Each structure stands twice: as C-alpha cells, then as structure tokens.
Amino acid sequence: MIRFLLRRIGLAVPTLLGVSIVIFVTIRIVPGDPVASLLGPTGSAEARERLTKDLGLDAPIPVQYVKWLGNVVQGDLGRSIAKQTDALPYVWEAFRNTLTLSIFAALVAILGGIALGVLAATRRGRVASGFSTAVSLFSISAPQYSVGLILIVYLSAGRGWFPSGGMRNPTGDSGFGDLLNHLWLPGISAALVPLGIIARMVRSSMLDALSADFVESLRARGIPEWKVRWHAFHNALPSVLTIAGLQVGYLLGGVIFVEIVFSWPGLGLVVFQSISQRDLPVIQAGVLVSALAFVVINLIVDALHGLMDPRIRR
Amino acid sequence: MTVVHQITDPTRPGAVEDRPDEVPAEPDVAPAATKSIKRRRLGWPARIAGSVCALFFLAAVAAPLLTPFGPLEGDRSQRLLPFFSGGHLLGTDGQGRDVLSRIIWGARPSLLTGLIPVFVAGLVGTVLGLVAGLGTRRINSIVMRTLDVFYAFPAVLLAIAIAAALGSGTSNAIIALSVILIPPIARLAESEVARIKSADFMEAARVSGAGWLSISIRHVLPNAAPAIVVYCTALVGLSIVYAAGLGFLGLGVAPPNAEWGLMVNDLRQYTFSAPQISLVPAVVILIASVAFNVFGDGLRDLLDVRAEGK
C-alpha cells in the first residue's frame, strides 16, 4: 500500500511540472510588452534596458522559467496589480470559501446521485426509472449560471426564502445556521452536474452488480430482495466513490459561475473580478492553486480507491 | 449513451457512465446480418431534440428575416417592457432592445463559438491521436504525457486563464475552448487507433507494403472516425455552454453585440426589477444545452456499434 502511494505521488510530480509550464506559458503569451506598459511611451532606450534587466526579461526563457518556478515553490506567486498585495494569501483566503461551497455541493451531489441512480437501477422499465434517467440527463446538461439565476428569481428574489447572494449576513451572528442558509442555492446549482454524473455511474455499476452471479446465488438462497440489492450496492461502491471524489475536484474549478451569480467570495469570484481588472498574477495564482488542489484530490481519491479495492494496487 | 458533461478522459474505465441495459458479452465479430434494419432509428426524445437544434441553426441563418428589430436597435423610453407588449414577444432589455431579436441574432456567435472549437479540436485531436497511436513508443509517450498535463486543470478554469491571457474576443475564446477540448478527443483517437492496429486487415496492409501515410488515411482513419465523430457531437452541447460562459465573463464577443452569455450577464442586474426577462437568455442556453446533449446521445445510440448488441 505504501509503495502504491509513493508511486502515485511520484507520478504526480511530472504532472505538476507540466502544470507549471502551462501556467508559465499563459504568462508569456500575454500580448503586449510589459516593459513598455510599465514605462509608458516616454521611456528612454536606456530606462528600457535597465527595467528589462531588473525584471529578468533579458534572460533566456528557460532561465526565466526556472526562476519563476523557484519563486512559486517558495510561495511567491507575484503581486496583485489591483490590490497591491501578495497574490497567494489573497487567493488562499478565497480558496477556502470555494472549498466550503464545493464540499457542500459534493455532499448534495453524492447523496442525491446515489438515490437517483439506485432508483433508476432497481426500478427498470417503470416510470420511476424513466423519470430518474430524464432528471440525470437534464441535470448534466444544466449550465450552472442558468440554474443559479432561475433559483434566485423563483426562490430568493420573489419569495425571500433564501438570501440571493453572499456567504454570511453582515448583521447576523455569522454562525453555522447563517452559513447553511447562504449555502443552499449556490450548493444546489453547483451540485446538479455532478449529481447527474454520479446518478448515471451508480445506475450502471448497480446494473453490473445486479447481473453478477453472486446476486443470482443470493436470490436462490432466498435472501430478501432488499438485502440482495444492498450487497449489489456494496459491490458498486468503490467505482462510485472514485467518480464522486473526482467530482469534488471538478467542483473546485467549476463553481466559478455559481460564485459569480451568488457573489460567493470564493476563487471564482476573485478570478472574475481580476479578469475585468486584467490582474493576471491573481488569475494565474488562482489557476495554480486550483490545479494543485485538483492534483491533490486526485491523489487522495486514488489512495482511497486503492484502500478499498486491493486489485488496483498493482 | 453518454453525454459529455465535462472534460474527462473518455477512455478511462468508468468514463462511459451509462451503458445500454445489460449488454450481453458478445464477441466483437457478431454477425452483422442478423441485426434488423428497423432498430437503427433515432428515438423520439432525440428526434425532438434534433428538431430543436435544427431550429436554432435555422434561426441563426435566417436572423434578418425572422427578427422585427435589429439586435442593437433600442429605444430608451421602452426599457424593460414585459412579455408580449408593444410587439416585443419576450419584452425589452435595459436599453429598450427587443430581447427576442437579440436572442435570435445572438444565436450566430453563440453557436459558432460553440461549434468551431469542437471542429478544430476534432481535427487536431484526431491527428495527435493518429500520430501517437501509429508512432513509436517514444512518440506515443511524448504526446500522451503532454496531454496528461491538461487533465490536471479544471477545464473551465484553464479556458478562462487562456482566454484572459490572450485578451477578450471571439477568436481568443475559440482558441481557449479548442485547447481544452483537444486532450479528450486525442485520447479517444489514440485508443481507437490502438484497437484498430491489432486487426488482421492492418497486418495485411503492412505486408502488402502500404506506407505509413496510406495506412493511416485509408485503413485507420475510416475505422476510427465514427467513434470520434460521435464523441465530438456529444461535446457540442458542453462547448456551447462553455462558450456562453466565457461570454458571460466578458471574455467573448464584445458588447453591445448580442451573444447569449453576454446577455445573461447584462440582464442579471434586473433580477429584481424584471425577473422574467432577466431569465430569458439563461433559459435559452439551458434549452440549447439539453437539446444538443439529448440529440448527441441519440446519435451515439444510433451509431454506436456496441449498442447494436442489445
């Protein structure tokens, strides 16, 4: 198990290096000359040369990359142009809020998806199965921003049942109840796509498990049907959990639209505001942090899968 | 039956979440002659969805004929009119522009920024898949490990980062979307090539002295194409949603032009004053997404060789 884990971590290192290269490239493809934009049109040739040297732009690209990577590893992701603070603490603060929203949405998606999937697998050919298949197809197709706006209009703006945005009431006690109240609508909007995916996965794994020989033998021994289904569900669980775990990773990067629609103070909102301010260091720091989190979550999911299913620990 | 809901690896075990009910474990060489022709028809949900998709395309092509108002033409005194008033079927927006006309005109950039990336990524991804699948082990691992890197990003965020770095604009949004769509297509193509490579006719072609290029174009490509085309079709709905998302973020078409994502963001400020109108573009994108996905799904069921076994 330890060797399996070590190998997985070893495999993640080149991936992370690749990630850093991609992000470095996105810095370099920004149109325009940074030196010219810093100096303005009146900068002399001499000043230009000096600034180029100060910024390290005269070095060959690979040297610049290594230098940049060195800074990143030490936690220096550059400074926010708009906020004039270090990008990392700013992004990290927002990332924690995104994590809260993602975990809540993942819980909704996993519980709802399993319920829907089991329904579809065990009530095949009936109305309930058609219904749950249609619901999962619809929820997979539903764009987060559309769902979010529809929920705001019908459950918040008109009714006042839920707050239409933000994470906490400025005047409230900012306790857990307040947070939960703010979590429902964005959580559901973000949960729909993974919910549909998990429902499909549960359905197909359950169908696979239910057609296995051991189910036949359980039935032959006169075990009650619900117990048989429980056994089948148990067997379907590892692959379901893998997909569900991956969904947490996708949510981390994917909740951006939900955050914007609901003014949730997370990474997505920060990135969105940075786009209009062309605050590239913050955008890059945001992408880097969520890519890192994505890789880490994939590692954890792999490890859990290995723990549950010894066969994949080759 | 698979709807592509996000950028994942299509060849990964479990990536095909939904399979036809109980596919019997038939050998691949099931006699084709026993299959009845009449089963190969689109189901009614897919047909309805296909008609809706066709309507969207028709609206985009015939926009000047269908719209009573221009997309930019607005009267400030007529702002935020409710549905069905003053000849405005879907009301007017904050600047008094006819919402229906803007939706119809907006279908052009919205569908184009959704379709072109799929097309571009389909071509590039297929070529990469062919190169990786037919090349030496070394070439294969260089191509595939490079593509692996893109799976370490949440795809939406990567598209946003690329589009933001390139600067807003339709062509940059298209480039950003193409980049994130290439890896899954290339992986699928590579796995298809790997499957075809072991077929007997490939051996025959090699023995008869066919060259690398001739093998890939005349033997591999025609066999790999159906799976790739179907997968690309399934990507269209997702691509349209992402494209509108980039527009929503202000990274696509520039205002005041009509584009669905941009309209969503523009009308968002009227959630409280004109809730119904503020939802129109959001609902249109939702309908388009569902329609393209259901249609892609049906097409997949129709063309998927494996599904024939049921």
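The values are calculated or read from the model by the stated rules, or taken from the named source; none is laboratory data. Treat the numbers as computed from the prediction; the structure is a model and nothing was measured. Because the Cβ atoms are built from the backbone with ideal geometry, glycine has one as well, and the counts that use them run over all protein chains shown.
Of note:
- Residue match in the range A:170-187 (condition: within 30 Å of B:Leu235 (Cβ to Cβ), assigned to a helix (DSSP H, G or I) and either modelled with pLDDT under 85 or not small (Gly, Ala, Ser) (or both)): yes
- Counting only helices (runs of 4 or more DSSP H) that sit wholly inside the range A:79-152, those with at least 3 residues that are more than 14 Å from chain B (Cβ to nearest Cβ), under 25 Å from the mean Cα position of the chain (by Cα) and closer than 22 Å to A:Ala293 by Cβ are A:87-122.
- When restricted to residues that are touching a Lys or Arg at 6+ places or on another chain (Cβ under 9 Å) and in contact (Cβ under 8 Å) with a residue 60 or more places away in the chain, the range B:56-83 contains 2.
- Residues of the range A:153-166 satisfying the condition of being in a loop (DSSP other than H, G, I, E, B), of a type in the set (A, V, I, L, M, F, W, C) and surrounded by fewer than 19 Cβ atoms within 10 Å (Cβ to Cβ): A:Trp161
- Assessment of the range A:23-40 against the conditions (modelled with pLDDT of 85 or more, surrounded by 11 or more Cβ atoms within 10 Å (Cβ to Cβ), part of a helix (DSSP H, G or I) and not acidic (Asp, Glu)) yields no matching residue.
- Wholly enclosed helices (runs of 4 or more DSSP H) of the range B:181-267 bearing at least 3 residues in contact (Cβ under 8 Å) with a residue 60 or more places away in the chain: B:221-248, B:260-267
- Failed item in (1) surrounded by 15 or more Cβ atoms within 10 Å (Cβ to Cβ); (2) modelled with pLDDT under 80; (3) not aliphatic (A, V, I, L, M), with A:Thr85 passing the rest: (1)
- Screening B:Pro27, B:Pro20, B:Pro13 for residues that are in a loop (DSSP other than H, G, I, E, B), at pLDDT below 75 and either crowded, with 17+ Cβ neighbours inside 10 Å or in contact with an Asp or Glu (Cβ under 8 Å, 6 or more places away or on another chain) (or both) leaves exactly one candidate, B:Pro20.
- Given (1) without any contact (Cβ under 8 Å) to a residue 12 or more places away in the chain; (2) in a helix (DSSP H, G or I); (3) more than 7 Å from chain A (Cβ to nearest Cβ), index of the condition B:Val283 fails: (3)
- The residues on offer are A:Gln273, A:Gln277, A:Gln284, and the sole one that is crowded, with 20+ Cβ neighbours inside 10 Å, polar (S, T, N, Q), out of contact with any Lys or Arg (no Cβ under 8 Å at 6 or more places or on another chain) and farther than 30 Å from A:Arg3 by Cβ is A:Gln284.
- Count of residues meeting criterion [more than 13 Å from B:Leu158 (Cα to Cα) and either more than 9 Å from chain B (Cβ to nearest Cβ) or under 15 Å from the mean Cα position of the chain (by Cα) (or both)] in the range A:261-288: 13
- A:Val202 in contact (Cβ under 8 Å) with a residue 60 or more places away in the chain, of a type in the set (Val, Ile, Thr) and within 13 Å of another protein chain (Cβ to nearest Cβ): yes
- Condition check for B:Gly250: on the phi > 0 side of the Ramachandran plot, within 14 Å of chain A (Cβ to nearest Cβ) and touching a Leu at 6+ places or on another chain (Cβ under 9 Å): yes
- Scanning the range B:152-180 for residues that are of a type outside the set (A, V, I, L, M) and either surrounded by fewer than 22 Cβ atoms within 10 Å (Cβ to Cβ) or in contact with a Pro (Cβ under 6 Å, 6 or more places away or on another chain) (or both) returns B:Gly167, B:Ser168, B:Gly169, B:Thr170, B:Ser171, B:Asn172, B:Ser178.
- Condition met for B:Val149 (more than 13 Å from chain A (Cβ to nearest Cβ), among the β-branched types (Val, Ile, Thr) and in a helix (DSSP H, G or I)): no
- Qualifying residue in the range B:236-243 (condition: within 16 Å of B:Ser168 (Cα to Cα), out of contact with any Cys (no Cβ under 6 Å at 6 or more places or on another chain) and more than 7 Å from every other protein chain (Cβ to nearest Cβ)): yes
- Flag for A:Phe214 being modelled with pLDDT of 85 or more and more than 13 Å from chain B (Cβ to nearest Cβ): yes
- Index of the failed condition, A:Val248 passing every other in (1) at the interface with chain B (Cβ under 9 Å from one of its Cβ atoms); (2) closer than 15 Å to A:Ala105 by Cα; (3) modelled with pLDDT under 85: (1)
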